[in-house]
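Here the structure comes first, spelled out in structure tokens, and everything after it is commentary.
The values are calculated or read from the model by the stated rules, or taken from the named source; none is laboratory data. Everything quoted here is computed from the prediction, not taken from an experiment. Reconstructed Cβ throughout: ideal geometry from the backbone, glycine too, with neighbour counts over all protein chains shown.
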Amino acid sequence: MKRSIVSIAVAAAVVAVGGGGILAVTSMDGSERTGYRVSDGVLTIDVKSRPDAPDIKGTTVDGKPFRLSDYRGKTVVVNAWAYWCGPCRLEMPMLVDYEKSMKRKGVVVVGINHGSGIAASKAFIEEFDVPYPNLDDPSGKSILDMPKGVIQSQGLPFTFVIDSRHKIAASRSGAINRKMLEEMTSWAVKPSKKTAGR
């Protein structure tokens with residue numbers, strides 16, 4: 001399978017704490033990430049430990065300027081996809097429906113074309129009638145500044161959620177379902193003791 005040039009991964013080592021939750025994740029650089037929890041493939045980050053989201057910017061697939069920090073003050077779901085990615089295609093109808101149901105509640109969805117040419121990207125957006133902005137970034141350069149430990153494996157799709165302070169609250173590497181996305185978004189808005197992904 002075609003892969004992005006970007007590979008930001010978490011090492012397999014994790015530190016488990018009572019109750020089955022993950023309270024610390026060991027990153028590839030050997031540093032321990034406290035306040036990070038992984039459950040069923042979903043990473044959630046405690047408020048005090050949340051890293052700044054990168055200010056991803058560029059041009060959308062339809063040629064408009066894009067800057068992630070323009071959405072500061074809102075909860076933002078960022079989903080990276082590619083035209084050729086099977087799991088991306090499977091989850092896209094759910095993401096489109098989610099955006100339509102949540103935009104009035106202050107939740108924004110944005111996409112990143114992370115491996116497709118412009119013609120294929122436009123065809124993908126048209127096929128699924130995607131209403132939200134999608135950054136055109138076929139080489140994956142926009143993700144180079146992602147904090148270590150947030151994207152848990154290489155490949156597509158991946159999704160992360162940013163809170164209103166422009167901090168990364170949750171992420172998922174791999175296909176996502178509606179339940180996961182709702183719990184990740186809820187965690188970004190109002191963290192609870194319940195770990196997302198369960």
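A few points about this structure:
- Single unsatisfied condition, residue 64 versus (1) at negative phi; (2) within 15 Å of the chain's Cα centre (by Cα): (2)
- Residue 111 buried (at least 22 other Cβ atoms within 10 Å of the Cβ), touching a strand residue (DSSP E or B) at 6+ places or on another chain (Cβ under 6 Å) and either at pLDDT below 95 or not aliphatic (A, V, I, L, M) (or both): yes
- Extreme residue, surrounded by the fewest Cβ atoms within 10 Å (Cβ to Cβ), among residues of region 125-136 that are over 20 Å from residue 172 (Cβ atoms) and touching a Ser or Thr at 6+ places or on another chain (Cβ under 9 Å): 133
- Region 104-118, residues that are within 14 Å of residue 88 (Cα to Cα), not in a loop (DSSP other than H, G, I, E, B) and not aliphatic (A, V, I, L, M): 111, 113
- Selected residue [assigned to a loop (DSSP other than H, G, I, E, B), under 13 Å from residue 82 (Cβ atoms) and either out of contact with any Ser or Thr (no Cβ under 6 Å at 6 or more places or on another chain) or free of Cβ contacts under 8 Å to residues at least 60 places away in the same chain (or both)] from 139, 121: 139
- The lone exception for residue 121 - which of (1) polar (S, T, N, Q); (2) buried (at least 20 other Cβ atoms within 10 Å of the Cβ); (3) closer than 18 Å to residue 36 by Cβ it fails: (3)
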